[in-house]
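First the structure, in the form of structure tokens, and then the observations on it.
The values are calculated or read from the model by the stated rules, or taken from the named source; none is laboratory data. The structure presented is a predicted model; accordingly, all values stated were derived computationally and were not measured. Reconstructed Cβ throughout: ideal geometry from the backbone, glycine too, with neighbour counts over all protein chains shown.
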2 protein chains.
Amino acid sequence: MSATGEFELIGRISAAVKVPQGTVGIGDDCAVIPQAEGLDTLVTTDLLVEDRHFLLDGIAAYDLGWKSAAVNISDIAAMGGRPESAFLSIALPSGLADREAGGERWMDAFMRGFGELCAKHGVALLGGDTSASPDKLFINVTVLGSCPHGSALQRSGASPGDLVCVTGPLGDSGAGLKLILEGAASDTDEKTLLSRHYRPEPRVAEGLALRQVPGVHAMMDISDGIASDLGHILDASGVGAAVDTAALPLSPELQAVCQARGWDAVELAVGGGEDYELLLTVAPSSLSAATEALGGKLFPIGVITAEPGLRWEGGKTDYKGFTHSL
Amino acid sequence: MSATGEFELIGRISAAVKVPQGTVGIGDDCAVIPQAEGLDTLVTTDLLVEDRHFLLDGIAAYDLGWKSAAVNISDIAAMGGRPESAFLSIALPSGLADREAGGERWMDAFMRGFGELCAKHGVALLGGDTSASPDKLFINVTVLGSCPHGSALQRSGASPGDLVCVTGPLGDSGAGLKLILEGAASDTDEKTLLSRHYRPEPRVAEGLALRQVPGVHAMMDISDGIASDLGHILDASGVGAAVDTAALPLSPELQAVCQARGWDAVELAVGGGEDYELLLTVAPSSLSAATEALGGKLFPIGVITAEPGLRWEGGKTDYKGFTHSL
């Protein structure tokens, strides 16, 4: 979700609309709507536009279905919620649904990818809308989830002294995209990176576990790269951070491919997007509990500071975020 | 929502996903998701595509915003729910947001129309997504609402002997569209019909009132015209109906314009879409209670029969539904 600018006007128009106390609107991974009996409903919606977010000939129908579900389920995970239901709207260019690839209709393969990722996380497809499209393919997915009232981990909770952590290796998806744009991947390591780009795994179990660790203060998912995404946590929390680039977790596959191709692995880890790992801040006294909750898979990469701004240590200092636009 | 065909595959894939008892998925106006403490959450989503559902130069930005909210809020009204929150995704062609009309940015006018209709019905915009579009304008809106557990009025509840009723005049919006396609409207009556097309009023208060009348068995909103929409109730309920075309409520404006232009008012009332009145079936013994609940504004137009099929009485017998496609 990123519509803050265009939606500002609504704030003035709808000032008269009363929402339940504790409601979170535009500006975090999900909206949070308090329900009766101690539950909050989480809602997220993401729009995927051909030639902006993906190239139709550059991604298999199955993978596009998978990814359309994954990016939304990841937003629920990013607040520590349990994803529950999905709503899919799709505008199909003429002839696309029935196009055959690998002996399967395009639309069937798309729905198979979408459905398998949903089923993996217990998410039921409960509705949607289809339309013909005069030109490009458009996909909009809404996912609903829930968490105990008041427990959603927002971006605004970071405190000076917190450790900045991630739940897994960074840069794999960005390297996968780079391989796609530069030509076909060849060896096993490169194919692993492609798969990380095409079929991201939303960290639902990790988010649920982290939400139950006292001392985890702020969380979001990494869609644009930590340079950009950590900036959102810092802005929302009114703090700064120092990140040690030498501490960034890098997969063996990323290191091997970067060595072979002369790429800067740290640059990909910092600025490559779409890893869909979780980015969080945790009080130092809770680090061991949080690490244990994830079976060891938690990687401290920096520290929150009272002084604003994002500082890189251990290497270059001018890393930039990634945007989804091609 | 109309995605039953393409989404069938999902039924097989997601058979393993357990949903709460009482959940209603694809195939009605909204999905219904039981919550704790006696409440059901209603969810609906609609996709509006330029050149399929609207012509960008044929509708003012304010009206398009209004209508995008209205068609979804009407789906909540159609089940007797209270609409509560909205999520707006919009993919904008280059330059559109800043295009000026009447001294206002296009996007500001769109958001004003969207926001004013939402505010009128107590709906808060809680999220969304924006993107550039390489070509056409795409809008997807999701609206959430609620109703007491098990009380949502579905399409499947109609019983033989029920009276078929509507909450207001039919055909105005269809006549408005006809005026747009045939050239500018001139007199006051014609402008009224245009306004009915551009700014439909979702029948939220009516839906809430009807849901509380025992004996109201099935309900939906009229988006494609009663010929088509009543067919959905009949299919879902496994019944038939006989409709008296002489009983269809026609506005004075529609009658005047049809007389002046030589149009068939009944044909517009039956097959013109987008009236967004409610279509319901009610036991004869409850008709007076239902009528009273609406302050008299309930119009019986036919009767549900055990024999399947839709029969027209009092005139032509071959009326067809309307499709949204231009």
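The single condition among (1) assigned to a strand (DSSP E or B); (2) at pLDDT below 95 that B:Arg52 does not satisfy is (1). The residues on offer are A:Ala77, A:Ala60, and the sole one that is small (Gly, Ala, Ser) and under 17 Å from the mean Cα position of the chain (by Cα) is A:Ala77. Name the residue that is surrounded by the fewest Cβ atoms within 10 Å (Cβ to Cβ), counting only residues in the range B:51-65 that are more than 10 Å from chain A (Cβ to nearest Cβ) and acidic (Asp, Glu). Per the stated criteria, the residue is B:Asp57.
Residues of the range B:83-111 that are crowded, with 21+ Cβ neighbours inside 10 Å and more than 10 Å from chain A (Cβ to nearest Cβ): B:Pro83, B:Trp106. Picking from residues in the range A:189-214 that are of a type in the set (Ser, Thr, Tyr) and touching a helix residue (DSSP H, G or I) at 6+ places or on another chain (Cβ under 7 Å), the one that is nearest to A:Ile73 (Cα to Cα) is A:Tyr198. Of all residues in the range B:198-210, those satisfying the criterion of being buried (at least 20 other Cβ atoms within 10 Å of the Cβ) and in a helix (DSSP H, G or I) are B:Tyr198, B:Val204, B:Glu206, B:Gly207, B:Leu210.
Among the residues of the range B:66-78, the one identified as among the β-branched types (Val, Ile, Thr) and within 12 Å of chain A (Cβ to nearest Cβ) is B:Val71.
The rows are residues; the columns are (1) of a type in the set (A, V, I, L, M, F, W, C); (2) touching a helix residue (DSSP H, G or I) at 6+ places or on another chain (Cβ under 7 Å); (3) assigned to a loop (DSSP other than H, G, I, E, B); (4) without any contact (Cβ under 8 Å) to a residue 12 or more places away in the chain.
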| site | (1), (2), (3), (4) |
| --- | --- |
| A:Gly22 | no, no, yes, no |
| A:Val32 | yes, no, no, no |
| A:Leu47 | yes, no, no, no |
| A:Ala69 | yes, yes, no, no |
| A:Asn72 | no, no, no, no |
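For a quick check of your reading of the model, give me the residue pairs whose first member lies in the range A:166-180 and is touching a residue at least 12 places away in the same chain (Cβ under 8 Å) and in the same structural domain as A:Ala227 (by TED's automatic domain parsing), whose second is among the aromatic types (Phe, Trp, Tyr) and outside any loop (DSSP other than H, G, I, E, B), with beta-carbon atoms closer than 9 Å and at least 6 apart or on different chains. Pairs found: A:Val166/A:Phe299; A:Thr167/A:Phe299; A:Gly168/A:Phe299; A:Pro169/A:Phe299; A:Leu170/A:Phe299; A:Ser173/A:Tyr198; A:Gly176/A:Tyr198; A:Ile180/A:Tyr198. Residue-level check: of (1) crowded, with 22+ Cβ neighbours inside 10 Å; (2) under 19 Å from the mean Cα position of the chain (by Cα); (3) within 7 Å of chain A (Cβ to nearest Cβ), B:Ala119 misses just (1). Scanning the range B:154-184 for residues that are within 18 Å of B:Ala256 (Cα to Cα) and within 15 Å of the chain's Cα centre (by Cα) gives B:Gly168, B:Pro169, B:Leu170, B:Gly171, B:Asp172, B:Ser173, B:Gly174. Candidates B:Ser195, B:Ser151: the one that is over 17 Å from the mean Cα position of the chain (by Cα) and either closer than 25 Å to B:Leu248 by Cα or not in a helix (DSSP H, G or I) (or both) is B:Ser151.
Residues being assigned by TED's automatic domain parsing to the domain that holds B:Ser68, under 20 Å from A:Asp129 (Cα atoms) and in contact with a strand residue (DSSP E or B) (Cβ under 8 Å, 6 or more places away or on another chain) are represented in the range B:91-105 by at least one member.
Annotation for the range B:139-146: no member residue is within 11 Å of chain A (Cβ to nearest Cβ) and part of a helix (DSSP H, G or I). Looking only at residues in the range A:34-45 that are part of a strand (DSSP E or B) and either more than 9 Å from every other protein chain (Cβ to nearest Cβ) or on the phi > 0 side of the Ramachandran plot (or both), the one that is modelled with the highest pLDDT is A:Leu42.
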